Amino acid sequence: RSSDLAMRCQYVGADVLDLAETMVTSSSGLLYEPVIFDLSPQQRQWQRMLQLLQSRMQEEHTLQDVIFRSAIKNAITALPPREDSLLQPPDACRIHGYLYVNKVAGNFHITVGKAIPHPRGHAHLAALVSHETYNFSHRIDHLSFGELLPGIINTLDGTEKIATDHNQMFQYFITIVPTKLRTYRISSDTHQFAVTERERVIDHATGSHGVSGIFMKYDISSLMVTVTESHMPLWQFLVRLCGIIGGIFSTTGMLHGIAEFIVDLVCCRFKLGAYKPSSVPLQDGDLANHSFLITGNSTH
């Protein structure tokens, strides 16, 4: 993972505490790097591109998007370095690296003070940090679980949150789904995850209790998703193509027969109406050339 926090590195600490009461400290894989929180123009452009991709994927998100994502595997998925010189001292901290955790639900959090082990859990040395320096505005450049795949854009990549109060808590509830990718371009065991976000101001007077910081509570699903990619064999394609062509010819022949029948029917009726014999009035001199047959009883 990689994220920027708008506080100095000596004021914050990150660690994991899971349901097995196992504490994983940041010293096992995370690095703290002093940086400037405001992005340079090139870095801001990169973040806007990443947020645009995220919005498109949220609108049209299916498992088949893995194929689309693999097409941009050559794209830059890490924050580029600053192109300008540092004109001011670092005012933020970039936390990046990795942690090995147990496959149980846990809580990864970043809060004030360095973490120390405790018999009933753990604690953070926050007493020596001034309350006025609390600022949990943060930017998540990358967060993933499992094997790192180039070009894969995860759910929280590009997320940026600005704190409006010193005592503010940001919560991310993450559901992790183990995923096997078996495509022609990717073959890996990774993890997808869905996120529900929540943020609130800590105010004990109003009943909003808690600790200021960034908390990512994750849980691993008992289900596994397998994504496979398959193509139609050439012989099957040819068989379907022949079937489609034969169906077109059959349908065309049927339509031609129906049209021919309708045309013949209309033309025949027209011809019968044109050549129907009509009655002609007879003259008096023509009566001798005609004979009449009268049947019935006559009375004299």
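The values are calculated or read from the model by the stated rules, or taken from the named source; none is laboratory data. This one's a predicted model, so the numbers in the text were calculated from it and none came from an experiment. Note: ideal-geometry Cβ built from the backbone for every residue, glycine included; neighbour counts use all protein chains shown. Keep in mind that these areas ignore ligands, DNA and RNA; they rest on the heavy atoms of the full protein, side chains included. Shrake-Rupley method; radii C 1.70, N 1.55, O 1.52, S 1.80 Å.
Quick notes
- Total residues in segment 123-150 satisfying the condition of being crowded, with 17+ Cβ neighbours inside 10 Å and either in a loop (DSSP other than H, G, I, E, B) or over 26 Å from the mean Cα position of the chain (by Cα) (or both): the figure is 11.
- Residue check, VAL177 open to solvent by 70 Å² or more (accessible area, probe 1.4 Å), touching a residue at least 24 places away in the same chain (Cβ under 8 Å) and among the β-branched types (Val, Ile, Thr): no
- Test: residue in segment 220-231 that is at pLDDT 80 or above, touching a helix residue (DSSP H, G or I) at 6+ places or on another chain (Cβ under 6 Å) and not polar (S, T, N, Q): yes
- Selected residue (criterion: modelled with the lowest pLDDT) from residues of segment 184-209 that are part of a loop (DSSP other than H, G, I, E, B) and surrounded by 15 or more Cβ atoms within 10 Å (Cβ to Cβ): ILE186
A quick yes/no check of all residues on (1) without any contact (Cβ under 8 Å) to a residue 60 or more places away in the chain; (2) of a type in the set (D, E, K, R); (3) closer than 30 Å to GLY13 by Cα; (4) touching a Gly at 6+ places or on another chain (Cβ under 9 Å):
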site	(1), (2), (3), (4)
ILE202	yes, no, yes, yes
SER212	no, no, yes, no
LYS217	no, yes, yes, yes
VAL225	no, no, no, no
GLU229	no, yes, no, no
ARG240	yes, yes, no, no
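- Taken residue by residue, segment 29-49 has at least one member that is outside any strand (DSSP E or B), under 17 Å from TYR98 (Cα atoms) and either over 30 Å from the mean Cα position of the chain (by Cα) or of a type outside the set (A, V, I, L, M, F, W, C) (or both).
- Of everything in segment 95-122 that is within 17 Å of GLY29 (Cα to Cα) and of a type in the set (Val, Ile, Thr), the residue that is surrounded by the most Cβ atoms within 10 Å (Cβ to Cβ) is ILE110.
- When SER85 is tested against (1) part of a loop (DSSP other than H, G, I, E, B); (2) surrounded by 12 or more Cβ atoms within 10 Å (Cβ to Cβ); (3) at pLDDT below 75; (4) not β-branched (Val, Ile, Thr), exactly one condition is not met: (2).
- Flag if ARG240 is over 21 Å from THR164 (Cβ atoms), modelled with pLDDT of 85 or more and among the basic types (Lys, Arg): yes
- Residue check for GLY243: under 18 Å from ILE110 (Cα atoms) and small (Gly, Ala, Ser): no
- Residues in segment 155-167 that are within 16 Å of ILE140 (Cβ to Cβ) and polar (S, T, N, Q) were compared, and the one that is most open to solvent (accessible area, probe 1.4 Å) is THR155.
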